[in-house]
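Asker: Here it is, the structure in full.
Every read-out reported here was derived from the displayed coordinates using simple, explicitly stated rules and does not represent laboratory data. These numbers were taken from a predicted model, which means no experiment stands behind them. Note that each Cβ is placed from the backbone with ideal geometry, even for glycine, and that neighbours are counted across all protein chains shown.
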Amino acid sequence: MTARSKLNIASIIGIKEGIYQIFSLIDQNLDAYSKHPDKITPIRDCKHYIHQLNGLLEMLRLSSITLVSEKMEQLIEALLTKKIASSAQICETLKQSNKALLYYLNELIDGKEENPLRLFPAYRELMQAYGFENAPESDLFFPRLTVSPALKAESVHMNADAMKISAKQMGAEYQTGLLKWLRDPSNKDGLQQMADAVNHIETFPGTTEERAFWWVVAGFLENLLQQEGDQIELPIRRLCGKIEQAIRRLAAGTPDSTATLIRELLYHIAHSESASQRITDIKRSYAWPGQLAETDTLTLEQSETLQPILDQLRNILMQTNDIWREFCTGQQESLTSLLEYIDWLKHLSQQTECAPLEKLINIISSTVTDLHAHPQDMSEELIMEMATALLLIESIIDDFAKLSPDLPQQIDALASRLHQITNQSAGEYTLAFNAIESRAQEKLLLAQVAQEILTNLGQIENILDQFFFEPSKRSELSALSTLFQQISGALVMLDLERANTLLDLCRSLIEKLLEPSYEIIEAEQILLVDGLSSLGFFIESLKSGQSDSDQIIEEAIALFQIALLPKTSALATSITTTAESISETQTDTQFIPEDVHQTAVEIPPEKPAVPIESAAAAAFFKPLLPAQSGLDVEDQINQELLPVFLEETQDLLPQINSKLRAWRMLPQDEDIHRTLLRLLHILKGSARMTGDLHLGALIHAMESHVESAFRKHHMPDSALDQLEREFDIIISKIEQLQRNKLSPTAAKQVVIAMAAHTSDNIDPLQSKTLRINSELMDSLVNDSSEVIALRSKIEAQLNHFKQSLQDLAESTHRLHDQLREVEIQAETQMQSHLAQQHENEHAFDSLEFDRFTRFQELTRLMAESIDDIITVQESLRTTHLVAEEAIMQQSIINRHLQQSLLQIRAIPFSNYAERYYRIARQVTEDLGKKAHLEIQGMEVEIDRNVLEEINPSLEHLLRNAIAHGIEEPAQRLQTGKSQTGQVTVHLRQESNEVVITVSDDGYGLNLPRIRGEAQRLGLIQANEALDDDKTMSLIFMPGLSTTDSITGIAGRGIGLDIVKNDISMLGGRISVQSVPNQGTTFTIYLPLMLSMAQTLMVRAGKQIYAIPAFIVEHNREFDSEAFKKLYQDYRVAFNGKTYLFSHLSHLLGEFNHIPVTQRSQVLFLHSGTHYLAIHVDELISNTEVVVKHAGPQLSQAPGIEGATITGGGEIILIMNPVKLLQRNDAQQAFQYACT
């Protein structure tokens, strides 16, 4: 359990209004739901807002309290799904939890310590509403490891197998002791047996976090041994059982996360009264909220109870103030009313149970009573002190939840002054008041002067910004002298000598800038900006009353003292710093802090740190003086500065390496020389400031060699080789620091260059970087992929809706036509009936005509209803078109968002390039060969996960190219080649793939030797005919090696098969081509991204599969007669290649499936050296899918690349049929004839 980062209150305040709005919306929807529980819209909206609140809390790193908000969300989800019945009590619980969260956040904003336990009442109510009677308080207990734990010595020579065996034995001992203790809690023998077993496990090797867990477990059991009692509480029983499960997992070699368990154990230890050494050490190593004594904090219930009283107090106080002012103007009759109001204040203050407030009001009451008895004691001093007392009451009411710790002292001082006044000690009062007034004036003066200094510093920074932007305009710099003089005078007046020293150092740099011929040096520019910024931070801290701000000045002065040392040449030409120059500097070294002074000055002698191996290099470079090379003192690494230094090296090391390579090509380029020296100097200074003196000595040695090498007109290659070897040693030292710093649970982080894809002419100083967590980046990419999948589902539903609308339109038109026919028939029958009746009844009354028109009226009404249906249908059609357009726009935005996220996660190959250059140098040096590595296409960006996975394989191919491919220098000369071999790594992007080729100009593959070795190992038959491509592919078989000797670099025959397997696991493929005496080329095809893949959806039988598009070369349709021939030969020729042929279902073992031979497709697949044609029953579509992990069982099956989910929710396997050929029963598929 590592220490969590300190809460950033500023981040909460920055979005405070948005948070308040979300809380208000939650409260409004809860009120609406409580009034109308039959309506689910308010509670559904409430869940949405709580989900937003969870995201905000996570963003603010308040994950410890999201337990409460998540329980609120779960409770609402249970209401929506009818798992629990709605009730007024549940609504009230949700409202109170919402209030508790808001109250807690306000406490944090007001500066209270982060302590989630204050939310436990709300958390308990939520758990009980959800159905859990017992909610453990430890759920909200979040300790953090702040001090290295006092662990036992680690067992030596215990490997993983021995640890499992020992853990199993200790598990049995623990279980026996646990059963014995549970049967008889009064007998401590069983508990002691449990403690002994854990004490033994505590010595197991492991990470600090793993060992700290068993250390805490041992402390927990030790605490139980010291407790008295014959009963075992249920929580203790459960914890002991969980410890037994942890031991079991340790014995099985599958340890699980212990974060929750260690929190529960530490919760019990935190409440322990034991004073044993182990318990004391644990409490000292872990920190938790409330561990230190703190002022009482009001709970939400107390705050709600007190708020009406405080409001009433505030109103009465306002009226008391008005009456006191009336009395001060001469209205003596107001004194009686004043006493009544003060009595009322006294009564209300007693309800608050705030002793300082009660005491203060009693003092005022006593003073007013005395004044009522002796009106002649009225004075200006009394008026001032009474006003002060009333203002103090108002301050107490306003800040009731965060009263000042020195409030009692303030009240005592006020009481003393009032007592002096009422007892006519005016002289003494005047002295006391003058002292208070003097302190207040001093504070006011300090604030005013500090503000003036900050204003002047702001003007200085503005002038310098304009100058650095346009260096030709030096005229405005003349105004800086006056500003510096004003600041210096203010600092002298405030007696801030050290700050004035830093100001003088900054002024000395600016005086150089005033010289017209002086060129700006980037290092000095950065130093000046840092110095002025440090001075500004110091003044801000001084203004706010912070006492630890002196360290800011001391660190800034130390940087100046190290950087601004006298040099033998101009800083623009040479930046070299030796121990002698540091010790002889005329700068006052008393300004340097003790630790920095020791780092920069005390450099005792040691043997040279970097040996010069080459005779030519030894003659070229002068030997280093002992004082220049190393240190006899131990490094004292500053753990706070180490992460900053390591981050800085990520930028410096690639730049130094690239300058070394450029120097080899342009040995007389002065710009390369100056830049290289500057970079080495910065790296050396940072290493020494971090406390790694030996690393600083190594860099100083290389810096001296670079300086002496450039002074030579003709520099041999051996000298550059020596410099590269020295740099490799430096990199190894830095990597060792990196390994020592990182823990196994350290969060991965990536630095995203936000301006990396902008045009080349943009000023690099304007580019911005952002450090984010890589796991969060992966989560965002996955979420964007899920959005695309959900959008596909919505599109599918819209298509169904569109089809339904079409059906409705056809039905309404058909119904309209049918109704029209009914109307025509009705009209015809009515006319016929009228004519017949007219013939039969000559005295026909026209008024009786209505009884014949009712049917016609109904048909008219039905026609109008159909017209209304058509209108609604047209409206739905319009809505559907709008929805389709919105979905299309969302699709474009989602696609852009996902591509942007993927582009952010992609990193250029150049991030790893320096490592490959270093490996090439090391391998050539170890083997005594000469080889030059060239990397082309380093700007190609690849998914970070792909790069991390492929990195070991590329390293192996690079080592192989030099060890197996490149010949010895003498042999190369005999064959007409140059002594130095050429190894090339080339990257290019083709569609959704990255193609990486690793080639050399060496031997080439020895095909006869490969065939012979394969026959010896039984990989092929003696008479088996293989073409060159298949023979070359044999090198990927396990155990095959043509090297006679085994070295630490190659020769064991266990490399290329792993390389091929790793590439296949990434969904890629590898092939090899070789020409004798011309070299070998390995070609790797990798997907650009692991989360997305272009696939062909096919159907075989009743199942749908997704086949990666990059392995499909072509698809073709055959007729029935052609299929009969294909199923007889099991082969098909295409583009000069012979493909094995089978139905996909047969390859999967479904031999009873009868293929569809009418208008069905054949896909031609190519992966590596394998060619396969598969028959599918239907080719559905070409689709981009989101790749999901198929799980540990399916992922081991041949051919399964992953899975995806369609818009309809159907799970589709992503299949590589070529890999199915690895199955033992695959040949049966080619022997099954079509029936």
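Asker: Taking amide H positions as placed 1.01 Å from N in the peptide plane, with prolines and chain starts having none, which residues 5 or more places from GLY1101, or on another chain, fall under 5 Å of its amide H?
Answerer: Long-range HN contacts for GLY1101: ASP1177.
Asker: With N denoting the number of residues in segment 909-1087, provide Rg(C-alpha) divided by 2.2 N^0.38 Å, to two decimal places.
Answerer: Normalised Cα radius of gyration, segment 909-1087: 1.02.
Asker: Only counting other Cβ atoms within 10 Å, I'd like LEU642, LEU313 sorted with the fewest neighbours first.
Answerer: Fewest to most other Cβ atoms nearby, the residues stand as LEU642, LEU313.
Asker: Using the Karplus curve 6.51 cos²θ - 1.76 cosθ + 1.60 with θ = phi - 60°, what ³J(HN,Hα) values do you get for each residue of segment 388-397, in whole Hz, with x for Gly and Pro?
Answerer: Whole-Hz 3J(HN,Hα) from phi for segment 388-397: 4, 5, 5, 5, 5, 4, 4, 5, 5, 5.
Asker: Would you please name the trypsin sites (Lys or Arg not before Pro) within segment 1096-1180 that are DSSP coil residues with at most 10 other C-beta atoms within 10 Å of their C-beta?
Answerer: Here the sparse-neighbourhood loop sites are LYS1102, ARG1159.
Asker: So for the pair LYS242, LEU798, with labels modelled 7 Å out along Cα→Cβ, what separation do we get in nm?
Answerer: 4.9
Asker: Just how far, in whole angstrom, is segment 891-957 from segment 91-139 if you go by their alpha carbon centroids?
Answerer: Their Cα centres are 49 Å away from one another.
Asker: Within the set of other residues whose C-beta is less than 15 Å from the C-beta of SER488, count the net charge using Lys and Arg as +1 and Asp and Glu as -1.
Answerer: With Lys, Arg at +1 and Asp, Glu at -1, the neighbours total -3.
Asker: Non-local amide H neighbours of GLY1002 (under 5 Å, H modeled in plane, Pro and chain starts lacking H): which ones?
Answerer: GLY1079, THR1080
Asker: Right, something else. Which whole-angstrom value gives the distance between the alpha carbon centres of segment 1149-1175 and segment 802-826?
Answerer: Spelled out, the Cα-based centre of one part sits 48 Å from the other.
Asker: Turning to a different aspect of this structure: Say each of ASP370 and GLN856 gets a label point 7 Å from the Cα, pointing the same way as Cα to Cβ; how far apart are those two points in nm?
Answerer: So the two model labels end up 11.1 nm from each other.
Asker: Taking the convex hull of the Cα atoms, report for segment 442-525 its projected area averaged over all directions, in nm².
Answerer: 5.6
Asker: Just rank MET702, MET689, fewest to most, by other beta-carbon atoms within 10 angstrom.
Answerer: Ascending Cβ contact count within 10 Å gives the list MET689, MET702.
Asker: Put a dot 7 Å past each Cα toward the Cβ at GLN451 and LYS95; how far apart are the dots in nm?
Answerer: Roughly 4.6 nm, to one decimal.
Asker: Go through segment 91-142 and name the GluC sites (Glu not before Pro) that are in a DSSP coil and have 12 or fewer other Cβ atoms within 10 Å of their Cβ.
Answerer: Sparse-neighbourhood loop GluC sites (Glu not before Pro): GLU133.
Asker: Quick query: amide H of ILE935 versus all other amide H atoms, modeled in the peptide plane; which residues come in under 5 Å with a sequence gap of 5 or more or a different chain?
Answerer: VAL985
Asker: Additional query: Please work out how many pairs of lysine residues in segment 1092-1230 are eight or more positions apart (or on different chains) and have Cα atoms closer than 27 angstrom.
Answerer: The result is 10.
Asker: Between their Cα atoms, which of LYS164/LYS1060; LYS659/LYS684; LYS659/LYS733; LYS39/LYS83 are more than 22 Å away from each other?
Answerer: Exceeds cut-off: LYS164/LYS1060.
Asker: Show me the GluC sites (Glu not before Pro) within segment 899-987 that DSSP assigns to loop and that have at most 10 other Cβ atoms within 10 Å of their Cβ.
Answerer: GLU939
Asker: Still on this model: Residue by residue, what Karplus-based ³J(HN,Hα) values in Hz, rounded to whole numbers, does segment 36-41 have, using 6.51, -1.76 and 1.60 with θ = phi - 60° and x for Gly and Pro?
Answerer: Rounded to whole hertz, the list is 10, x, 7, 9, 8, 4.
Asker: Calculate, in nm to one decimal, what GLU133 and ALA970 gain on full extension: separation in residues at 0.36 nm each, minus their alpha carbon distance.
Answerer: 293.0 nm
Asker: In whole Hz, with x marking every Gly and Pro, tabulate ³J(HN,Hα) for segment 175-181 from phi via Karplus 6.51 cos²θ - 1.76 cosθ + 1.60, θ = phi - 60°.
Answerer: Here the 3J(HN,Hα) series is 5, 4, x, 5, 4, 5, 6 Hz.
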